[in-house]
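This report concerns only the one structure given below.
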Amino acid sequence: ETEGNMLQLAEKEHLLHPALVGAMDRPGTYKFSKEQRPYKHQEQAWRILAKQPRQSLMVTSGTGSGKTECFMVPILDRLARLQETHQGVLIGVRALMLYPLNALINSQRERLRAWTQDFGGDIRFCLYNGNTPESLPAREKGRYPNEVRDRTTLRTIPPPILVSNPTMLEYMLVRTEDAPILEHSQGKLEWVVLDEAHTYIGSQAAEAALLIR
């Protein structure tokens, strides 16, 4: 663990936005207390990803050691700062998280719901895969203002965080109906996350690299 806790990293070092530290401190399964000290590899990742110009980073660590926080915290920190500047809903994909399996995509839902809840609908996310419905009733859309849960909303007002897989990324690049996602996001993409990067080998790795380019 590091010497400083989350609150100190926000108030003394200004490494983290206070609003994000407060949002992560909410009671629940994914509570990350403001009194908690992050692991060294987490803080090291946050410092590297806060630098300008942006740097790439690879995190290798054991199962359950907090790798997700290494990239998700800097992304949410950046969005919290942008939201403070814009004072409104952030539109357009700024962070693209690619997972090889739908089960891994779905595993991020509760964490993202918990850590973006305090921002209302200003910082939103979408889990986009083959199971994402075309549309939802209005009452369903309103249940989680911080989550885009249908393709119609995704195309109309794309959220800043898009969690998907390489197959859906390919569809987005070629399908006419998905073109608005790219149009709204033009020039805004700042983050590309490859989960389970070691599984990309051979032709699959070459295809993923070309899609990202």
With 0.36 nm assigned to each residue of separation and the Cα-Cα distance removed, Asn5 to Gln52 gains 14.5 nm
Calculated from DSSP helices alone, with each H run of at least 4 adding -39500 (n - 2.57) and the total divided by the residues of the chain, [θ]222 nm to the nearest 500 comes to -12000 deg cm²/dmol
Length gained, Ile212-Arg113, 0.36 nm per residue minus C-alpha separation, equals 33.0 nm
Per residue, accessible area of the stretch 13-68 with a 1.4 Å probe, heavy atoms of protein chains only, in Å², comes to 64 Å²
For Asp25, the residues 5 or more places away or on another chain with a placed amide H closer than 5 Å to its own amide H are Phe32
Quick note, the stretch 91-146: a/c under 1.5 would make it rounded; otherwise a/b > b/c is prolate and the rest oblate (a ≥ b ≥ c, C-alpha gyration tensor); here it is oblate
Under 14 Å by backbone N from the virtual spin label 7 Å along Cα-to-Cβ at Glu134, the residues of the stretch 140-162 are 150-153
Once both label points are put 7 Å beyond Cα along the C-beta direction, the Thr167-Arg143 separation in nm becomes 2.5 nm
When the charge dipole of the stretch 1-82 is computed with +1 at the Cβ of Lys and Arg and -1 at the Cβ of Asp and Glu, the Cα pointing farthest to the positive end, of Met72, Gly22, Ala10, is that of Met72
A correct Karplus calculation of ³J(HN,Hα) over the stretch 196-213, with 6.51 cos²θ - 1.76 cosθ + 1.60, θ = phi - 60°, whole Hz and x for Gly and Pro, returns 6, 4, 5, 7, 7, 9, x, 5, 5, 5, 5, 5, 4, 4, 5, 4, 5, 4
In debye to the nearest 20, the charge dipole size for the stretch 60-190, taken about the Cα centre with +1 at each Lys and Arg Cβ and -1 at each Asp and Glu Cβ, equals 160 debye
Computed ³J(HN,Hα) along the stretch 44-56: with the Karplus parameters 6.51/-1.76/1.60, θ = phi - 60°, integer Hz and x for glycine or proline, the list is 4, 5, 4, 5, 5, 6, 8, 6, 10, x, 4, 10, 7
The percentage of the accessible area of the stretch 78-213 (probe 1.4 Å, all protein chains present) made up of carbon and sulfur atoms, to the nearest whole number, is 52 percent
Quick calc: nm separation of the 7 Å Cα→Cβ label points for Glu190 and Glu35 -> 3.2 nm
In the structure shown, of Lys34/Lys67; Lys51/Lys188; Lys40/Lys188; Lys12/Lys40; Lys34/Lys188; Lys12/Lys51, the pairs separated by more than 24 angstrom at the C-alpha atoms are Lys40/Lys188; Lys34/Lys188
HN-Hα couplings for the stretch 150-161 via Karplus (6.51, -1.76, 1.60; θ = phi - 60°), in whole Hz with x for Gly/Pro, come out as 9, 6, 4, 5, 4, 7, 7, 9, x, x, x, 10
Quick shape check on the stretch 91-204: root eigenvalues a ≥ b ≥ c of the Cα gyration tensor, a/c under 1.5 is rounded, otherwise prolate if a/b tops b/c, else oblate, and it reads prolate
Residues meeting the amide H criterion for Glu147 (H placed from the backbone, H to H distance under 5 Å, 5 or more places apart or on another chain) are Phe125
Per the C-alpha gyration tensor (a ≥ b ≥ c, the square roots of its eigenvalues), the chain is rounded if a/c is under 1.5, else prolate if a/b beats b/c, else oblate; here it's oblate
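The values are calculated or read from the model by the stated rules, or taken from the named source; none is laboratory data. Keep in mind the model is a prediction, meaning the values are calculated, not measured. Cβ: placed from backbone, ideal geometry, glycine included. Neighbour counts: every protein chain shown. Just the protein is used for accessible areas: all its heavy atoms, side chains included, with ligands, DNA and RNA removed. Shrake-Rupley method; radii C 1.70, N 1.55, O 1.52, S 1.80 Å.
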